[in-house]
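*Asks:* Structure provided below as structure tokens; questions to follow.
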Amino acid sequence: MPRRLALLALLFAAGEVSAQEEGVVPLNGVGRISVEGGWRLSSNQTFYNSFYALPGYQCSQDCERGSPGGPFLAGSFGYSFMENIELAIDLFATGEQLKLTNAATLSNYTYGALVGLRFQTLLEVLTPQGIVPFVGLETGPTLVFSEAKGVGRKELLQQPWVGTVGATFRLSPTWGITAEYRLAFARGQSPYNELKPPAGVDANAYKGLASYNAGGNWFAVGITYMFPPDPIRPFSSL
């Protein structure tokens, strides 16, 4: 009899593990780590218009106005405390260079931490473990830093608001590919704001230089590792 009970227990456990491996893992209780890389694009026409109106930097033709963008990197940590809601913490860094006519290039960097919620659902299509589309809103302490050679540096501590939308393609219970787009709202000041104007010009002439876009559009693709929820053990209390 004991041998039969042991064999029955083994068969039950094997069947439970097989069902978990073959079935789609739910979202509730799943933790994840995502590592993403991509590109940042932002519009800075307001900054350029203001800069080329400054005394000593006035420009009307063939003026540099490009915002080519720059790299974006992020490490994201999440936990789904409900089936459709995930608490997320993101660490990120991004930057770009703004070329200026007859002036030193303005290099700017934005990096910090974001905390927020993502609303998600599970679509059992295309991949073995389905697709998880999500939308979210995040905010957190961020350092906005800029520098121009021979001009100086400028730092600001900000709290940007970032909207995010994307999807994770779950290839297995533990691995997936995530594609994500973030729209960030943050502004920064340049060291040109602190320059002393030429003689005979209002001392505060450069103070009114428009801020540059320290947020913008962030596109990223990365790898996600997921921690499945603990398996149900119906006899654990016996």
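FYI, it's all coordinate maths here, none of it is from the lab. These numbers come from a predicted model, not from an experiment. Here the Cβ positions follow ideal geometry from the backbone for every residue, glycine too, while neighbour counts run over all protein chains shown.
*Asks:* Counting just the Cα atoms, what span does the chain cover along each of its three principal axes? Round to the nearest Å and put the largest first.
*Replies:* 103, 33, 25
*Asks:* For segment 22-82, what size does the Cα cloud have along each of its three principal axes, sorted from largest down, in whole Å?
*Replies:* 67, 20, 15
*Asks:* Under a GNM of the chain (C-alpha, springs under 10 Å), which listed residue has the highest mean-square fluctuation: G222, G38, G29?
*Replies:* Maximum fluctuation in the GNM of the chain, among the listed residues, is at G29.
*Asks:* Where nothing but the Cβ of Lys and Arg (+1) and of Asp and Glu (-1) is charged, how large is the charge dipole of segment 135-224 around its Cα centre, in debye to the nearest 20?
*Replies:* The calculated dipole for segment 135-224 is roughly 100 debye.
*Asks:* Something else: Do the sum for the chain: with -39,500 (n - 2.57) for every DSSP H run of n ≥ 4, divided by all residues, what is the mean residue ellipticity at 222 nm, to the nearest 500 deg cm²/dmol?
*Replies:* -4000 deg cm²/dmol
*Asks:* Right, something else. Could you state the per residue volume, in Å³, of the convex hull enclosing the Cα atoms of segment 62-194?
*Replies:* Residue-normalised Cα hull volume stands at 114 Å³.
*Asks:* With +1 on each Lys and Arg Cβ and -1 on each Asp and Glu Cβ, and nothing else charged, work out how big the dipole of the chain is about its Cα centre, in Debye to the nearest 20.
*Replies:* 300
*Asks:* Given the options L183, G75, S146, identify the residue whose Cα lies farthest towards the positive end of the charge dipole of the chain (+1 on Cβ of Lys, Arg; -1 on Cβ of Asp, Glu).
*Replies:* S146
*Asks:* Can you give me the three principal axis dimensions of segment 140-236 from its C-alpha atoms, in Å, biggest first?
*Replies:* Principal-axis extents of segment 140-236 (Cα, largest first): 85, 26, 22 Å.
*Asks:* Cα axis of helix 2-22 to longest principal axis of the chain: angle in degrees, 0 to 90, nearest 10?
*Replies:* Once rounded, one gets 30 degrees.
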